[in-house]
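K.L.:
The structure's right below; bear with me while I get my questions together.
Every number here is computed from the coordinates shown, using simple stated rules; none is lab data. Note that the structure is a prediction, hence the values are computed from the model and not measured. Neighbour counts run over all protein chains shown; Cβ positions are idealised from the backbone, glycine included.
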Amino acid sequence: MTDSPAIMVKDLVKQYGDLSALKGLNFQVYPGEVFGYLGPNGAGKTTTIRILAGLSHPTSGYCTVLGQSTTGNPGLYNHLGVVFEESNLYERLSGVENLSFFARLHGIGPARVHALLQAYGLEKAGKRAVGTYSKGMKRRLLICRALLHDPEVLIMDEPTSGLDPTSAGVIHAAIDNYRKQGKTIFLSTHDMSEADTLCDRVAFINQGEIAALDRPGTLKRRHGQPVVIIEMRTDLSRLEMLKEAIPTAQVSSKDDLTMVRLPLQQPDLGIQLDQLRGYGEILTIHSQEASLGQVFREVTGTGLH
């Protein structure tokens with residue numbers, strides 16, 4: 001990537017008394033990129049977002065968005081949109097009134113408000129009080145608000161958290177469309193599948209430090225382990241024998257079906273597959289690549305939260 005970074009984070013430190021929330025972060029995000037920011041609760045994701053959005057000042061180091069400092073720079077908001085996880089909307093006002101209020105702050109007319117409501121399926125609900133909206137509708141309205149002034153950089157904090165697949169799909173499509181316009185998206189999410197699907201690169205933060213940063217496919221090859229999944233029918237006695245005979249197998253059972261997972265990259269895989277035939281009826285065999293969830297556990301040393 002040869003373009004100048006849309007976001008630059010250099011030696012970023014944030015200290016709260018004796019607590020080091022961020023310990024010298026360094027990364028760059030480029031124009032037209034969806035950049036995933038992943039990590040366990042308390043890792044420093046929200047602190048980073050608050051500094052990028054100009055809501056908190058670093059203890060040392062610095063951040064820039066489009067070459068402008070994020071510290072003490074109100075003009076930055078002409079180029080930056082933020083979608084926080086919390087629904088900080090005026091719930092007694094209608095959707096139109098919420099957007100119109102912020103549109104006036106940017107000197108934007110009503111046409112843009114109505115175009116966004118229509119684009120995000122909120123045109124009919126626009127006259128209703130936001131307090132009557134579902135969680136998915138509120139999240140879409142937050143995105144409309146962030147996009148009012150057509151910013152070059154969009155920061156999104158858990159945009160699909162708690163949403164049903166249909167609502168999440170609408171937001172995924174919005175992110176993809178925004179990227180196609182050459183805009184930059186900084187996406188914080190706990191959804192590893194979402195990050196894998198949407199992000200050009202992802203960074204894993206753990207205890208205030210970047211634990212890994214690269215393209216999802218590269219990270220999965222480097223840190224994950226592809227497996228072969230075998231679905232079979234067997235009885236309890238043979239199942240226990242299977243576990244003893246093939247100690248590398250991960251075995252789980254539900255009702256009369258047993259799922260056996262074997263590491264794909266091992267020299268005796270063929271022998272193990274032949275062994276399995278002696279312990280029951282094999283129904284299906286397929287391979288599965290490593291997941292970002294595996295990478296998460298590997299680089300952070302923790303389960304998903």
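K.L.:
Averaging sequence separations of C-alpha pairs under 8 Å and six or more residues apart, then dividing by the length of the range 1-82, give the relative contact order as a whole percent.
P.N.:
Over the range 1-82, the number comes to 33 percent.
K.L.:
Further question: Lysine pairs in the range 7-222 with alpha-carbon atoms under 19 Å apart, 8 or more places apart or on different chains: how many are there?
P.N.:
Counting lysine pairs in the range 7-222 gives 9.
K.L.:
Here's a follow-up. First check a/c for the range 109-203, with a ≥ b ≥ c the square roots of the eigenvalues of its C-alpha gyration tensor; if it is under 1.5, answer rounded, and if not, answer prolate when a/b is larger than b/c or oblate otherwise.
P.N.:
oblate
K.L.:
Also, I was wondering about something else. Take every Cα pair under 8 Å in the range 225-289 that's 6+ residues apart, average their separations, divide by the length, and report that relative contact order as a whole percent.
P.N.:
Relative CO of the range 225-289 lands at 54 percent.
K.L.:
Working out 0.36 nm times the residue gap between LEU105 and THR166, then minus their Cα-Cα distance, what length gain in nm do you get to one decimal?
P.N.:
Once the chain is fully extended between LEU105 and THR166, it gains 18.8 nm.
K.L.:
Between VAL227, TYR279, SER193, whose Cα lies farthest towards the positive end of the dipole of the chain when Lys and Arg beta carbons carry +1 and Asp and Glu beta carbons carry -1, centred on the Cα centre?
P.N.:
Checking the options against the dipole of the chain, the answer is SER193.
K.L.:
Further, regarding this structure: Just how large is the dipole of the range 225-289 about the Cα centre, in debye to the nearest 20, putting +1 at every Lys and Arg Cβ and -1 at every Asp and Glu Cβ?
P.N.:
The calculation lands at about 60 debye.
K.L.:
Which angle from 0 to 90°, rounded to the nearest 10, does the C-alpha axis of helix 165-180 make with the longest principal axis of the chain?
P.N.:
Helix 165-180 sits at roughly 60 degrees to that axis.
K.L.:
How do LYS45, LYS10 rank when sorted from fewest to most other Cβ atoms within 10 Å of their own Cβ?
P.N.:
Neighbour counts put them in this order, fewest first: LYS10, LYS45.
K.L.:
Right, another one. Which whole-number percent is the relative contact order of the chain (Cα, under 8 Å, 6+ apart)?
P.N.:
Answer for the chain is 20 percent.
K.L.:
Put +1 on the Cβ of every Lys and Arg and -1 on every Asp and Glu Cβ in the chain; which of VAL96, THR71, MET156 then has its Cα farthest towards the positive end of the dipole?
P.N.:
VAL96
K.L.:
What's the angle, to the nearest 10 degrees (0 to 90), between helix 135-147's Cα axis and the longest principal axis of the chain?
P.N.:
It is inclined by approximately 50 degrees.
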